[in-house]
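The values are calculated or read from the model by the stated rules, or taken from the named source; none is laboratory data. Quantities reported herein were computed from a predicted structural model and do not represent experimental measurements. Every residue, glycine among them, receives a Cβ derived from its backbone with ideal geometry; neighbour counts consider all protein chains shown. Remember, those area values only see protein heavy atoms, side chains included, never the ligands or the DNA or RNA. Shrake-Rupley method; radii C 1.70, N 1.55, O 1.52, S 1.80 Å.
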Amino acid sequence: MLRCDELGAISDEPGRLTRTFASPAMRRANKLVGSWMRKAGLQVREDAAFNLLGRRNSERRGAKTFLLGSHLDTVRDAGNYDGPLGVLTAIATVQLLRERGVKLPFNLEVAGFSDEEGVRYHTTCLGSRALAGTLTAADLARIKEKQIVKARRRQGEFLGYAEVHIEQGPVLEKNNVPVGVVTAIAGQSRLCVEFHGVAGHAGTVPMNLRHDALAGAAELVLAAGCCGALATVGKLEVAPGASNVIPGHAALTLDVRDQNDPRRLAAVRLLHAKAKIIARRRGLKLTWTPVQQTSAVQCDKALTRIFSRCIAQRGLEVLKLTSGAGHDAAALAAICPVAMLFVRCKGGISHNPAESVNTTDIAPAIDVLADFIQTLATRHA
Ligand code: GLV
Ligand code: MN
Ligand code: MN
């Protein structure tokens, strides 16, 4: 918990926590977390995608690697736990296994991924997708740091990936349990939408003769509220942006999610159709740019069963839940089986500086993750 606080003070902005992909704060965070990884006996490096990687090799020759981790980037004005908790519990788990003198038949690697939130480029999981080798040409066209493709790892290298993460919702708290097992991760569509109108004088152009880009955008924001999926406009920019000028341009981000892919895609199609109608009616030009699509991901049944068993063996209730939030695990699912363990968070609050976890819930998370690795070790012995 002290490490979460210390890391939470490393920010790109004064007075609040914001740490984005490849930023100066991220470089400082990687340095600090790297020093903790070394203390746990890991060999540390940063890959071409700014992912921080700590590794302990197995004595077994030609062994594959099991990957643990989460992300070190944050949203704007973030809490201390979304991402870092998973990286720091993974390091603590490695430390615990070392104290227990556990030898493993596989290499163990801990990743602090560089971009799960996608704040910098509005695309998620640049770090973990670079490692998985699933970046698209469209991703690379958007970003400056083209070298991140070099972070791609060898096909078949990983036995699996497990991620601890705060739940970011209220289910575990409602059920009074410290940890839960994730069965699936919702799919996401991210889009950029622009309405191009005509800037004009706020005092002279009659209401019925305006081409107000913001008024069009506002209609779309409201339409998002009833599109049949979870939809969010999290960013809206208006130009030229003066109180006495009719907005000539409005750009907004659209984030649409659902556990069910066809339902998510239908919601996006519905919003596109509505945006076209709004634009036509108001005499605006519409630009509709899909930025990223990720399908819903099922967690691996065998790994999930091991998590469940480890939780039960600790005398805790086994609660299974799905994740509406995106995670690096969804990116890793392209190359290996994945599993996730959620930790209860206070009031279900996340993406907010008030994000909080109970100190007493961290020990069970570390114990369960260590038991999980030891169970895997016996299976691969
Ligand atoms: C990450 O937290 C996301 O789900 O957007
Ligand atoms: Mn996260
Ligand atoms: Mn997040």
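Would you mind finding the one in A111, A138, A78 that is closer than 23 Å to L254 by Cβ, within 16 Å of ligand 2 (Cβ to nearest atom) and aliphatic (A, V, I, L, M)? Full working, then the answer.
Details: A111 fails: closer than 23 Å to L254 by Cβ; A138 fails: within 16 Å of ligand 2 (Cβ to nearest atom).
A78 is the lone residue from the list that is closer than 23 Å to L254 by Cβ, within 16 Å of ligand 2 (Cβ to nearest atom) and aliphatic (A, V, I, L, M).
Name the pairs: first residue in the stretch 315-327 and within 24 Å of R129 (Cβ to Cβ), second residue part of a strand (DSSP E or B) and of a type in the set (D, E), Cβ to Cβ under 9 Å, at least 6 apart or on different chains?
G324/D258; H327/E163
For the stretch 344-367, which residues satisfy the criterion of being farther than 23 Å from T18 by Cβ and not in a loop (DSSP other than H, G, I, E, B)?
Restricting attention to the stretch 344-367, the residues satisfying the condition of being farther than 23 Å from T18 by Cβ are 344, 358-367.
Selection gives T359, T360, D361, I362, A363, P364, A365, I366, D367.
Consider the stretch 1-13. How many of its residues are surrounded by fewer than 17 Cβ atoms within 10 Å (Cβ to Cβ) and in a helix (DSSP H, G or I)?
Selection size over the stretch 1-13: 3.
I'd like to verify a number: residues in the stretch 42-69 that are of a type in the set (A, V, I, L, M, F, W, C) and in a strand (DSSP E or B), how many? Don't jump to the end; show me each part of the working.
We begin by selecting, within the stretch 42-69, every residue of a type in the set (A, V, I, L, M, F, W, C); these are 42, 44, 48-50, 52-53, 63, 66-68.
Remaining after also requiring in a strand (DSSP E or B): 44, 52-53, 66-68.
Result for the stretch 42-69: 6.
Report yes if R282 is touching a Phe, Trp or Tyr at 6+ places or on another chain (Cβ under 9 Å) and open to solvent by 50 Å² or more (accessible area, probe 1.4 Å), otherwise no. Outline the logic, then answer.
Values: touching a Phe, Trp or Tyr at 6+ places or on another chain (Cβ under 9 Å): yes; open to solvent by 50 Å² or more (accessible area, probe 1.4 Å): yes.
Spelling it out, R282 is indeed touching a Phe, Trp or Tyr at 6+ places or on another chain (Cβ under 9 Å) and open to solvent by 50 Å² or more (accessible area, probe 1.4 Å).
Among residues belonging to the stretch 47-82 that are within 16 Å of ligand 1 (Cβ to nearest atom) and among the small types (G, A, S), point out the one that is surrounded by the fewest Cβ atoms within 10 Å (Cβ to Cβ). Write out each step before concluding.
Quick first cut of the stretch 47-82, residues within 16 Å of ligand 1 (Cβ to nearest atom) only: 69-82.
Retained after the next criterion (residues that are among the small types (G, A, S)): 69-70, 78-79.
Numbers: G69: 30, S70: 29, A78: 24, G79: 26.
In this case the residue turns out to be A78.
Give the residue, chosen from V193, V164, V177, V181, that is of a type outside the set (D, E) and under 22 Å from F21 (Cβ atoms).
On the way: V193 fails: under 22 Å from F21 (Cβ atoms); V177 fails: under 22 Å from F21 (Cβ atoms); V181 fails: under 22 Å from F21 (Cβ atoms).
Of the residues listed, the single one that is of a type outside the set (D, E) and under 22 Å from F21 (Cβ atoms) is V164.
For V368, state whether it is touching a residue at least 24 places away in the same chain (Cβ under 8 Å), assigned by TED's automatic domain parsing to the domain that holds S114, within 23 Å of the chain's Cα centre (by Cα) and within 25 Å of K103 (Cα to Cα). I'd like the intermediate steps shown before the answer.
Numbers: touching a residue at least 24 places away in the same chain (Cβ under 8 Å): yes; assigned by TED's automatic domain parsing to the domain that holds S114: yes; within 23 Å of the chain's Cα centre (by Cα): yes; within 25 Å of K103 (Cα to Cα): yes.
So V368 fits the description; yes.
Quick one: in the stretch 83-103, of everything that is in contact (Cβ under 8 Å) with a residue 24 or more places away in the chain, open to solvent by 10 Å² or more (accessible area, probe 1.4 Å) and part of a loop (DSSP other than H, G, I, E, B), which residue is farthest from I366 (Cα to Cα)?
Within the stretch 83-103, the subset in contact (Cβ under 8 Å) with a residue 24 or more places away in the chain is 83-98, 100, 102-103.
Add one more test, that the residue is open to solvent by 10 Å² or more (accessible area, probe 1.4 Å), and what stays is 88, 92, 95-96, 98, 100, 102-103.
With the extra rule that they be part of a loop (DSSP other than H, G, I, E, B), the set shrinks to 100, 102-103.
On the way: R100: 13, V102: 15, K103: 18 Å.
The residue in question is K103.
With L85, L108, L68, L135 as the choices, which residue is more than 25 Å from R28 (Cα to Cα) and hydrophobic (A, V, I, L, M, F, W, C)?
L135
Within the stretch 285-292, can one find any residue that is outside the structural domain of E117 (by TED's automatic domain parsing), modelled with pLDDT of 95 or more, away from ligand 3 (no atom under 16 Å from the Cβ) and basic (K, R)?
yes
Which of the residues that make up the stretch 290-325 are buried (at least 23 other Cβ atoms within 10 Å of the Cβ) and assigned to a loop (DSSP other than H, G, I, E, B)?
C299, the sole residue that qualifies.
Of all residues in the stretch 14-46 being free of Cβ contacts under 8 Å to residues at least 24 places away in the same chain and under 22 Å from L108 (Cβ atoms), which is most open to solvent (accessible area, probe 1.4 Å)? I'd like the intermediate steps shown before the answer.
If we filter the stretch 14-46 for residues that are free of Cβ contacts under 8 Å to residues at least 24 places away in the same chain, which is where we start, we get 14-15, 24-25, 27-28, 31, 34-35, 38, 43-46.
Next, from what is left, pick out any that are under 22 Å from L108 (Cβ atoms): 31, 34-35, 38, 43-46.
Details: K31: 157, G34: 2, S35: 43, R38: 136, Q43: 119, V44: 39, R45: 117, E46: 71 Å².
The residue in question is K31.
I need the full set of residues from the stretch 339-354 which are within 16 Å of ligand 1 (Cβ to nearest atom) and open to solvent by 10 Å² or more (accessible area, probe 1.4 Å), in order please.
G348, I349, S350, H351, N352, P353, A354 - these are the residues of the stretch 339-354 that are within 16 Å of ligand 1 (Cβ to nearest atom) and open to solvent by 10 Å² or more (accessible area, probe 1.4 Å).
Just a yes or no: is a residue in the stretch 368-378 in a strand (DSSP E or B) and either farther than 19 Å from I166 by Cβ or open to solvent by less than 40 Å² (accessible area, probe 1.4 Å) (or both)? Outline the logic, then answer.
Of the stretch 368-378, the ones in a strand (DSSP E or B) are none.
Checked the stretch 368-378: no residue is in a strand (DSSP E or B) and either farther than 19 Å from I166 by Cβ or open to solvent by less than 40 Å² (accessible area, probe 1.4 Å) (or both).
Is there a residue in the stretch 113-121 that is among the aliphatic types (A, V, I, L, M), under 21 Å from the mean Cα position of the chain (by Cα) and within 28 Å of K235 (Cα to Cα)? Spell out how you get there, then give the answer.
Applying the first criterion (among the aliphatic types (A, V, I, L, M)) to the stretch 113-121 yields 119.
Retained after the next criterion (residues that are under 21 Å from the mean Cα position of the chain (by Cα)): 119.
From the residues that got through so far, the ones that are within 28 Å of K235 (Cα to Cα) too are 119.
Yes: one or more hits.
Would you call T287 in a loop (DSSP other than H, G, I, E, B) and of a type in the set (S, T, Y)?
On the way: in a loop (DSSP other than H, G, I, E, B): no; of a type in the set (S, T, Y): yes.
Judged against the criteria, T287 is not a match.
A quick yes/no check of all residues on (1) assigned by TED's automatic domain parsing to the domain that holds K274; (2) over 30 Å from K285 (Cβ atoms):
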position: A137; (1), (2): no, no
position: R142; (1), (2): no, no
position: K146; (1), (2): no, yes
position: K150; (1), (2): no, yes
position: V182; (1), (2): no, yes
position: C192; (1), (2): yes, no
